[in-house]
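Here the structure comes first, spelled out in structure tokens, and everything after it is commentary.
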Amino acid sequence: MVDASHTCVALNGVSAVAGGTTILRDVTLVIAPGECVAVLGANGAGKSSLLRLMNGLLATNSGSAHTPSSRDQALIFQRPVLLKRSVLDNVSFALKTRGVAADDAAEIAREKLAACGLATFADRYARTLSGGEQQKLALARAWALQPKLLLADEPTANLAPAAVHSVETILHRMHVAGATIVLATHNRGQAKRLATRVIFMADSTIVEDRPANDFFASPQSAEAIEYLAVERA
Amino acid sequence: MSLLVDSAAEAIRMVASADGKLLEIAVLSLRVSATATLIAAIIALPIAAWVAQTRSALKTPVVVVLNACMGLPPVIVGLVVYLLLSRSGPLGALGWLFTPSGMIFAQTVLITPIIAALARQTLEDAQIEYRDLFASLGLSRWQSLVTLLVETRFSLLVVLLAGFGRAIAEVGAVMMVGGNIAGETRVMTTAIALETSKGELALALALGMVLLAIVLVVNGFAHWGKMWIGRRYG
């Protein structure tokens, strides 16, 4: 059994089924507050499902899941979903839905936009931003909500190197500011740069769960060895 | 060909001379159809929002009925509303038969399903895009609906224009319920039908051109309004 008192996330034997297919199978996982965990694995291994389950977008069919309340977490999608409003309004909207007064929301939003390098874009129409700027805006929106747990689902998969760098910088700052981060990624360099721990998934379950350095130096499961070998090739 | 040219000349003459009767008819057309569109929107948008997000077993039947009702024949609507509003009918006490109010009633019945059906599809398509974000942000059902309506505002404006277009172009229902009384319930379409039956084809066609121009102007204003809102975001 896992102790939920000093944990950010505690999953115990969790399985999830969607449309008759098992998309998560017997997942047991404890994440302490302040960790930065990278989730690796091939496409379809269950990385997104794991993040969606933690975020409450996916229901558990069996096992127990303790996660922060939805108000205490934020999810960054691979393709950011932005509202058809200004950059500033996208951030203040999220705050206002949680009862923050309009003036305060605008002030917090401007502060987070500045922190994400978007201060000069505040009045632009959000959907005219470039892909990298859109993802930075999604991060600013998430950051404004002060989540204890930030889930990022391949946040840089579609971005150019410079944008990848700035997204990583923002994730790092949020981590330093106290957020627990779970990052699904295909980018090994990114996992090494940001995470201290790697969860490797295959076939809808966790195959390895080890410190990042150990994992990359000596993967143990056949799946992880094959995954890393293909990536190196 | 000469009929077209004559009609166009007549249409320009009527508009240029600011013909009092024409103005009266055009204003009544606009007033009746715009009011019907407004009332239909107030009824239809909540229905559309409900159907778009419900998991009720009633959803499929409601969607099928709404979609089918987009094809309601105006004369049938006219007949039913006529029966409702006639002295012996259940709503006879309102005294709306052969008045603009009755015409607004008929057009509202006609276009409410159109606005509801099109808005339902618009909202449901948008929902696919926003669902995960709203759930992840922890939005309540009410917050999600309101945000979805705001996000689809431009598409919904086009839906309202489709409803308005159907209303102002419609002749059967307003003819039956309004009676085409000169100076009382005569609108553009019933005037055109009357002039055609009298053999005044050039006049009828000229009225048709004016009607088309009115619809163009309304759509132009709507588009301009949309651009104006869009420009606020640079």
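When the criteria are applied in full, B:I168 fails the requirement of being open to solvent by 30 Å² or more (accessible area, probe 1.4 Å), of a type in the set (V, I, T) and touching a Leu at 6+ places or on another chain (Cβ under 8 Å). Residues that are modelled with pLDDT of 95 or more and assigned to a loop (DSSP other than H, G, I, E, B) were ranked within the stretch A:11-33; the one that is most open to solvent (accessible area, probe 1.4 Å) is A:P33.
The set of residues in the stretch B:171-186 being more than 13 Å from the chain's Cα centre (by Cα), of a type outside the set (G, A, S) and open to solvent by 10 Å² or more (accessible area, probe 1.4 Å) consists of B:M175, B:M176, B:N180, B:I181, B:E184, B:R186. Buried (at least 22 other Cβ atoms within 10 Å of the Cβ) and in a helix (DSSP H, G or I): does that describe A:L53? Yes, satisfied. One residue stands out among those in the stretch A:1-10 that are in a loop (DSSP other than H, G, I, E, B) and within 20 Å of the chain's Cα centre (by Cα): the one that is modelled with the highest pLDDT, which is A:C8. Checked against (1) touching a residue at least 24 places away in the same chain (Cβ under 8 Å); (2) surrounded by fewer than 18 Cβ atoms within 10 Å (Cβ to Cβ); (3) among the small types (G, A, S), A:G41 meets all criteria but (2). The set of residues in the stretch A:137-155 being over 11 Å from the mean Cα position of the chain (by Cα) and closer than 17 Å to A:T185 by Cβ consists of A:A138 alone. Condition first: touching a Leu at 6+ places or on another chain (Cβ under 7 Å), of a type in the set (K, R), under 23 Å from B:A135 (Cα atoms) and within 11 Å of chain B (Cβ to nearest Cβ). Can you find one or more residues in the stretch A:127-148 that meet it? For the stretch A:127-148, residues touching a Leu at 6+ places or on another chain (Cβ under 7 Å), of a type in the set (K, R), under 23 Å from B:A135 (Cα atoms) and within 11 Å of chain B (Cβ to nearest Cβ): present. Looking only at residues of the stretch B:41-78 that are part of a helix (DSSP H, G or I) and not hydrophobic (A, V, I, L, M, F, W, C), we find that the one that is least open to solvent (accessible area, probe 1.4 Å) is B:G78.
Listed by position, the helices (runs of 4 or more DSSP H) contained in the stretch A:66-180 that have at least 2 residues being open to solvent by less than 50 Å² (accessible area, probe 1.4 Å) and of a type in the set (D, E, K, R) are A:131-144. Only one of the numbered conditions (1) within 23 Å of A:K148 (Cβ to Cβ); (2) within 14 Å of chain B (Cβ to nearest Cβ) is violated by A:N12, and that is (2).
The values are calculated or read from the model by the stated rules, or taken from the named source; none is laboratory data. Model, not experiment: these values are computed from the prediction. Neighbour counts are summed over all protein chains in view; Cβ atoms, including those assigned to glycine, are modelled from backbone coordinates with ideal geometry. Just the protein is used for accessible areas: all its heavy atoms, side chains included, with ligands, DNA and RNA removed. Shrake-Rupley method; radii C 1.70, N 1.55, O 1.52, S 1.80 Å.
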